[in-house]
Structure formats: C-alpha cells, structure tokens
Amino acid sequence: MSRSIAFALVLLAGTAIGCKGGSKDEARAKVAAVAEREADAFFDSLLSAAQKGEVDAIDAHFDWDAMAKRASRGLPTKGETIRGIGEESRADSKAEGLSAMLAKRKDGKVSVRRLGTRVIDGETYQMVRILEEDGGFEHLGFLLDKKGNETRTVDLWRLMSGETWSEVLRRRLLSQLPEESRTKLEGKDRLFADNVETLVAVESLASQGNGHDALHMLETLPEELQKERFLSMMRVGLAVLGGPAEHFAALEALAENHPDDPAAQFQLVDGYVLHGMPEKSLEALDRFEALAPADPFVDVIRANLFAVMTRWSEAREVAERAVSKEPDLEEAYWPILVASAMERDFENTTKTLLLMRERFDVKLDPREYPFYAEYLESPEYQRFLEATAE
C-alpha cells in the first residue's frame, strides 16, 4: 500500500485493536507498573540528558522497537517490517520529534513537570506536562518497563491525540498489509483497513483546503467508524475549513460521543472559544480536569478564559492558585498582571511586575500596554520605576 495511504491512516484512524492470528496471551499481555524509585531514577536520567541537550542520550530512554512490537500484536507482519517502523520512529524522534524537543530544555525552551500516574487500558503510565517557549502545551504518558537493570519507555501516550504511539504504528502496519491478509482481520482493525482508501481521499481533500468536501467524504464512512474518538477529533479539525455551522456541529458530536475522554474534552476547550462561547469552554475544562492528572497549568487556562469574559477577580484568584502550587510557572503570572490592572489593584500590579523581573527576568514596560493606562497615573507606577531604576 502507498505511503500516502499509510500517512492518512495515521492521521485519521482511531484506536485499532483485536484481530485473528495472535494468541490470547499475546493480546492480553500487560506491562507491570514499575516501582516509584525506578520511575524516579528514570526521569532523573532523562531530564539530566535533556538539560545537557544530548539527543542520543535522551533517545536511549525510549525503546522504539518495543513499541513497534506492541503495535504488531496479532498481525501477520514480517519481522523486518516491524524493525523498520521501529527504526523510523527512532530517526523521527531524534530529527524533529520527542527526543529533539526535549533537548531544547538545555536552552530553556522546554519545561517538564511530572504529574503522577494514570492507568490507560490497564497499564500504568507516568504522566508529565510539557510546556514549550512558543506556547506549546502537552501531557505525555510514559509506559515504563524494567528489564534487568534498565528501565525504558515501551509506549507513549499523548493528550493532543489521545492515543499511544503503538496505536499510531499499528495503523501504519495495517496500511501495509496485502489484500489477502485483510480478510483475516476483525473488529476495528478490519473496519479501518476496509476503509483506508476513503480515509486517503479525506486527507487529500483536506490538504487542498477543501474542508467541506472532506467532511462529506468522511460522512460516507460506516457510522461505527465515524463515532471513533480520533476520527471525531479529526472531523472537528476539518470542520474549521468547512465553516462555522459545520465546525459547531462537529464539536457537539464530539462532546456527545466522548464525554469521558480527556483528549476530546481538551479539544472542546479551544473549539468553543472559536465560537465565542467561553462558558462552554470552562465546562469542558472542568470535565478535562476531572479526568486528567492534577496540573496547575489548567488554572492558567481557566484564568485566561475568565479574562476573556472580563471576570477579573476570578481570573486573578485561579491564577494565584496556580502560582501557590507552582511558583516557577511563569505563565500563571500574566493573568494576575492583567486582572490586577483592570481591578485597579495597583499594589498587586507592582508586586507582580517586580516578582516577574526577579524570578523570570521578564522586564515588561507597562507603557507598551493600553490596559495599564490608569496604572501609569498611579503612585504605584512611580514605586515601580524607583524599584527598577538602574
């Protein structure tokens, strides 16, 4: 099957599980949770390598071959094919993927915070939050496995896609199966494989900016497939190109079909903002927070939503709550600055400006921002000038 089909299947398909050909023991095998001390040692090593910007040392913490093997469970796939996608994953990670991104920690462009654990499909993932300098936000789950004295990652879960890397790789393997092998598949594997050409057509239309026709092509897929979480999420993305009405309908379908999925709820947060509905975004954020590991950054998002609604005191309060939990979270200080100025709490404005200079070397000039107009006329601004005079 062509590379374009493989690419489209990776982008558009949802979880793919269950097929004839593999043993029951193989299908049900689960990775046992590692001890806390082993997880601590793993992340100490990983973050040390990231702090040094050593891509090869970072990548050594990921067992891409193991992920490829997990993806191939029960499929009639040749060993050389499995090894090949493992090597591709490794190369992609080091070139512009996860390992390359983590190496930016050396230059302060990426921050990492551990968030505890989350059980996904009966396996315990170590959760972390990633923040990038350009505003990127992600939750990653690391499935750790210890072999001998070595602990490595044997699968990865991403919030933004809501799936594991082995699921992505499985779709890639499915796309490469010959026609005669497809007849041996069952369940979702068979459903995706039988509709891969339509998925390719959807991807082609989307790449041409034809979201409306892509959506209509998507609607020709079996209803069971259309309701799959990640196809529903892709529908939301395509619907942006199709127009406001189609986009809102896609959001509502996602909300209805996946009310207990953290990835779906997080996508709804952004989606409702596009429609000028921050109240519904807040509701989706509350649902996301109830499903995800505790993360102070969620209060930063919440504070910004309150700010959009000009609910300044609430914006300030939740941002201050984030600061109390994570004092080094720079993003939490910005809503406090804006809210304090809008509430005319200029003492707090000065305090926050000075804190940000001291803690993050953020030398903001209030004269450059219209919402500081009244602050500039206050005695507090003079105190700020005196405190920062060189």
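How many residues, within the stretch 92-109, are surrounded by 14 or more Cβ atoms within 10 Å (Cβ to Cβ) and under 22 Å from D63 (Cβ atoms)?
Of all residues in the stretch 92-109, those surrounded by 14 or more Cβ atoms within 10 Å (Cβ to Cβ) come to 92-94, 97-106, 109.
Remaining after also requiring under 22 Å from D63 (Cβ atoms): 92-94, 97-103, 105.
Of the residues in that region, 11 qualify.
Within the bounds of the stretch 261-270, is there any residue that is buried (at least 20 other Cβ atoms within 10 Å of the Cβ) and more than 16 Å from the chain's Cα centre (by Cα)?
Scanning the stretch 261-270, I find no residue that is buried (at least 20 other Cβ atoms within 10 Å of the Cβ) and more than 16 Å from the chain's Cα centre (by Cα), so the answer is no.
Name the residue that is nearest to the chain's Cα centre (by Cα), counting only residues in the stretch 343-357 that are of a type outside the set (A, V, I, L, M) and farther than 16 Å from A315 by Cβ.
Within the stretch 343-357, the subset of a type outside the set (A, V, I, L, M) is 343-352, 357.
With the extra rule that they be farther than 16 Å from A315 by Cβ, the set shrinks to 346-347, 350-351, 357.
Working: F346: 36, E347: 37, T350: 35, K351: 33, R357: 30 Å.
That would be R357.
Regarding E386, is this residue of a type outside the set (S, T, N, Q), assigned to a helix (DSSP H, G or I) and surrounded by fewer than 18 Cβ atoms within 10 Å (Cβ to Cβ)?
So E386 passes the test.
Can you name the helices (runs of 4 or more DSSP H) wholly within the stretch 282-363 that have at least 1 residues being more than 25 Å from T117 (Cα to Cα), among the basic types (K, R) and without any contact (Cβ under 8 Å) to a residue 24 or more places away in the chain? Explain how you work it out, then say what you get.
Values: elements: 297-308, 312-325, 333-342, 346-360.
By residue number, 346-360.
Filter the stretch 2-55 for residues that are acidic (D, E) and at pLDDT 50 or above and give the result.
Filtering the stretch 2-55 down to residues acidic (D, E) leaves 25-26, 36, 38, 40, 44, 54.
Listed by number, the residues that qualify are E36, E38, D40, D44, E54.
Would you please name the residue that is surrounded by the most Cβ atoms within 10 Å (Cβ to Cβ), looking only at residues in the stretch 175-225 that are of a type in the set (A, V, I, L, M) and within 25 Å of T77 (Cα to Cα)?
Going residue by residue through the stretch 175-225, those that are of a type in the set (A, V, I, L, M) are 177, 185, 191, 193, 196, 199-202, 205-206, 214-215, 217-218, 221, 225.
Now narrow it down to the ones that are within 25 Å of T77 (Cα to Cα): 177, 185, 191, 193, 196, 199-200, 225.
Numbers: L177: 19, L185: 23, L191: 18, A193: 22, V196: 21, L199: 26, V200: 22, L225: 19.
Among them, the one singled out is L199.
Only one of (1) of a type in the set (V, I, T); (2) crowded, with 22+ Cβ neighbours inside 10 Å; (3) assigned by TED's automatic domain parsing to the domain that holds P262 fails for V240. Which number is that?
(2)
Determine whether A303 is small (G, A, S), crowded, with 16+ Cβ neighbours inside 10 Å and touching a Lys or Arg at 6+ places or on another chain (Cβ under 9 Å). Spell out the reasoning first.
Numbers: small (G, A, S): yes; crowded, with 16+ Cβ neighbours inside 10 Å: yes; touching a Lys or Arg at 6+ places or on another chain (Cβ under 9 Å): yes.
Answer is yes for this residue.
The values are calculated or read from the model by the stated rules, or taken from the named source; none is laboratory data. None of these values were measured; they are calculated from a predicted model. Glycine also receives a Cβ, built like all others from the backbone with ideal geometry; neighbour counts cover every protein chain displayed.
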